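K.L.:
There's a structure below that I have some questions on.
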Amino acid sequence: MSKLYIVPTPIGNLEDITLRALRILKEVGLILCEDTRTTSVLLKRYEISVPAIPYHQHNEHGVTPGLVQRLKSGEVMALVTDAGTPAISDPGFLLVRECIAEGVSVECLPGATAFVPALVNSGIPCNTFCFEGFLPHKKGRNTKLQELKEETRTMVFYESPFRLLKALEQFAEVFGADRKAAVCRELSKLHEETARGTLAELIEHFNKGTVKGEIVIVVAGKDA
């Protein structure tokens with residue numbers, strides 16, 4: 001029976017993969033990878049020899065129709081990204097949407113996603129929150145921040161280490177320098193760090209040197 005599995009992969013520590021995810025990756029006929037070189041490290045670690053082909057933001061529009069047709073003909077595939085859950089600020093949505101439209105069964109396995117441990121570990125209320133992912137780099141960025149100015153829920157963002165300081169400065173300008181926030185980087189890795197404080201304190205902290213690693217920023221919502 002044809003099926004597309006959405007398989008989360010570790011965001012850093014290769015031990016953070018479920019037994020079920022490993023079983024599915026061994027059983028499918030083809031693995032779609034954001035970067036085959038990155039995924040090959042995981043596959044080699046767990047002795048998985050299933051064929052893998054690239055599926056990323058630069059080719060997804062071109063290859064999706066053909067993959068859907070292969071799935072409709074009876075193939076079983078798994079979609080993975082370099083880290084975390086596919087379609088969450090990563091390729092995947094387009095393929096899932098087209099599979100559903102064509103009647104192909106889709107199943108997403110539970111697993112690693114960077115914003116969940118960052119949110120919980122921030123110490124900022126997480127009973128309700130909004131996930132914004134990566135903000136636009138230029139066009140539309142300020143407009144989006146202005147839309148979030150009155151947001152009362154905790155906000156979660158992804159950011160590049162190269163733009164972290166600028167992002168914190170923009171947040172301070174829009175939300176206020178005394179707004180509580182947390183910056184999590186290198187989650188599940190050896191040099192994992194969670195810095196907590198006001199936006200002003202975080203700007204001072206990260207202004208001291210070069211920042212490395214994937215970044216999650218958690219910002220408290222506006223007080224009611």
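The values are calculated or read from the model by the stated rules, or taken from the named source; none is laboratory data. All values derive from a computational prediction rather than experimental measurement. In this analysis, Cβ positions are derived from the backbone assuming ideal geometry, glycine residues included, and neighbour counts consider all displayed protein chains. Note: areas computed on protein heavy atoms with side chains; ligands, DNA, RNA excluded. Shrake-Rupley method; radii C 1.70, N 1.55, O 1.52, S 1.80 Å.
K.L.:
Which condition does Tyr158 not pass, out of (1) outside any loop (DSSP other than H, G, I, E, B); (2) of a type in the set (Ser, Thr, Tyr); (3) farther than 19 Å from Gln57 by Cα, if it passes all the others?
P.N.:
The number of the failed condition is (3).
K.L.:
Next question, about the same structure. How many residues, within segment 72-125, are among the aromatic types (Phe, Trp, Tyr) and either touching a Gly at 6+ places or on another chain (Cβ under 9 Å) or open to solvent by less than 10 Å² (accessible area, probe 1.4 Å) (or both)? Talk me through it step by step, then tell me what you get.
P.N.:
Filtering segment 72-125 for residues among the aromatic types (Phe, Trp, Tyr) gives 93, 115.
Narrowing further to those that are either touching a Gly at 6+ places or on another chain (Cβ under 9 Å) or open to solvent by less than 10 Å² (accessible area, probe 1.4 Å) (or both): 115.
Summing the residues that are among the aromatic types (Phe, Trp, Tyr) and either touching a Gly at 6+ places or on another chain (Cβ under 9 Å) or open to solvent by less than 10 Å² (accessible area, probe 1.4 Å) (or both) in segment 72-125 gives 1.
K.L.:
Looking at Thr152, Thr128, Thr210, can you tell me which residue is hydroxyl-bearing (Ser, Thr, Tyr) and either within 19 Å of Gly84 (Cβ to Cβ) or open to solvent by less than 80 Å² (accessible area, probe 1.4 Å) (or both)? First the steps, then the outcome.
P.N.:
Working: Thr152 fails: either within 19 Å of Gly84 (Cβ to Cβ) or open to solvent by less than 80 Å² (accessible area, probe 1.4 Å) (or both); Thr210 fails: either within 19 Å of Gly84 (Cβ to Cβ) or open to solvent by less than 80 Å² (accessible area, probe 1.4 Å) (or both).
Going through Thr152, Thr128, Thr210 in turn, just one is hydroxyl-bearing (Ser, Thr, Tyr) and either within 19 Å of Gly84 (Cβ to Cβ) or open to solvent by less than 80 Å² (accessible area, probe 1.4 Å) (or both): Thr128.
Conditions (1) more than 19 Å from Val216 (Cα to Cα); (2) in contact (Cβ under 8 Å) with a residue 60 or more places away in the chain; (3) out of contact with any helix residue (DSSP H, G or I) (no Cβ under 8 Å at 6 or more places or on another chain), marked per residue:
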position: Thr143; (1), (2), (3): yes, no, yes
position: Glu150; (1), (2), (3): yes, yes, yes
position: Phe157; (1), (2), (3): no, yes, no
position: Arg163; (1), (2), (3): no, no, yes
position: Lys166; (1), (2), (3): no, no, yes
position: Gln170; (1), (2), (3): no, no, no
position: Val174; (1), (2), (3): no, no, no
position: Ala177; (1), (2), (3): no, no, no
position: Ala181; (1), (2), (3): no, no, no
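K.L.:
I need the full set of residues from segment 18-44 which are in contact with a strand residue (DSSP E or B) (Cβ under 8 Å, 6 or more places away or on another chain) and either open to solvent by 20 Å² or more (accessible area, probe 1.4 Å) or small (Gly, Ala, Ser) (or both), in order please.
P.N.:
Those that are in contact with a strand residue (DSSP E or B) (Cβ under 8 Å, 6 or more places away or on another chain) and either open to solvent by 20 Å² or more (accessible area, probe 1.4 Å) or small (Gly, Ala, Ser) (or both): Ala21, Glu27, Gly29, Glu34, Asp35, Thr36, Ser40.
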